[in-house]
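The values are calculated or read from the model by the stated rules, or taken from the named source; none is laboratory data. Note that the coordinates shown come from a computational prediction; the quantities given were computed from them, not determined experimentally. Methodologically, a virtual Cβ is constructed for each residue, glycine included, from the backbone with ideal geometry; neighbour enumeration extends over all protein chains shown.
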Amino acid sequence: MQLTGSALGTSSEEETQKLLTEAMAGKEIILVLDDLWDPAHETPFNFIDADTTSRVLISSRVKGSLDSC
């Protein structure tokens, strides 16, 4: 709610990601994804604006799980 100014109220992961991407457009953030177990889980949560200096910090306890991120 703080990111978008209202409750998301979406029914799909794609719509939620679109709304979060729009809300973060132009903003400089550090996105922390803690204890990621599967590289496929990074994509839906990575909504930073690539045109900014924003960064994603990912941690994991699973050796080799971040090789493809």
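Taken together, the residues in the range 31-48 that are over 10 Å from the mean Cα position of the chain (by Cα) and either closer than 26 Å to residue 5 by Cβ or of a type in the set (Asp, Glu) (or both) amount to 3. Summed over the range 26-53, residues that are exposed (fewer than 12 other Cβ atoms within 10 Å of the Cβ) and either modelled with pLDDT of 85 or more or of a type in the set (Ser, Thr, Tyr) (or both) total 11.
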